[in-house]
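Shown next, in structure tokens, is the structure this report addresses.
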Amino acid sequence: MQYMKIRYGETFSIPRRLGNLFREVVRIKGVEYIKGKGFIVRDYYALSNLNKILARLGLILTPEVRCFICGKYVDCEKCEFRNNCKRDVTICICDDCLNNKNILNIYLAKQNKFLGLKLSSSQK
């Protein structure tokens, strides 16, 4: 079995000829094909369904997701929580950010910014 890393929302090429399986692949909700550029997978569930098809060809795609805090890519295969993670996320928190002493405050600030919330002076 060959494993290949992909990133959600970014184009990639499948290193095998799909033949008749191409139709099955492009029918998967969350998988898109752009002629001349390749495939895009939008989320975990689309990737899971795609892997069911690609496993017949000896290929499994594994996701690299972005850190919610700093934005760098997290390698799921190297994560200490990989055996307990459901891997159904498109964002995570990297080891560097997770080991920061102020991670809770940083996370809350990022979450509030993401949601467009403003903290009152009593919540700060």
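Overview of results
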{"read-out": "Between 0 and 90°, nearest 10: helix 44-54 axis offset from the chain longest Cα axis", "value": "20"}
{"read-out": "In sequence order, calculated HN-Hα J values of the stretch 19-36 (Karplus, 6.51, -1.76, 1.60; Hz; x Gly/Pro)", "value": "x, 5, 6, 4, 4, 5, 5, 6, 7, 6, 5, x, 10, 10, 10, 10, 4, x"}
{"read-out": "Column: log10 I(q)/I(0), Debye, Cα scatterers of the chain, q = 0.15, 0.21 Å⁻¹", "value": "-0.77, -1.18"}
{"read-out": "Crossing angle, helix 103-115 versus the chain [Cα axis fit, 0-90 degrees, rounded to tens]", "value": "70"}
{"read-out": "Selected from V31, L61, M1, residue furthest toward positive end of dipole (the chain; charges at beta carbon)", "value": "V31"}
{"read-out": "Long-range lysine pairs (8 or more apart or interchain), the chain, Cα under 19 Å", "value": "17"}
{"read-out": "Gain in span if fully extended, Y107 to E77, counting 0.36 nm per residue against the direct Cα distance", "value": "8.5 nm"}
{"read-out": "In Hz, Karplus ³J(HN,Hα) per residue of the stretch 59-66 (6.51, -1.76, 1.60; θ = phi - 60°; x = Gly, Pro)", "value": "10, 10, 9, 10, x, 10, 10, 7"}
{"read-out": "Considering only the stretch 2-115, percent of DSSP beta bridges that pair antiparallel, nearest 5", "value": "50"}
{"read-out": "Long-range amide H partners of T62 with built H, under 5 Å", "value": "M4, K5, I6"}
{"read-out": "In the stretch 27-110, GluC sites (Glu not before Pro) in a DSSP loop with at most 10 other beta-carbon atoms within 10 Å", "value": "E80"}
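Read the figures in this text as sums done on the coordinates, not as results from a lab. Computed from a predicted structure; not experimentally measured. Virtual Cβ from ideal backbone geometry, glycine too; neighbours counted across all protein chains shown.
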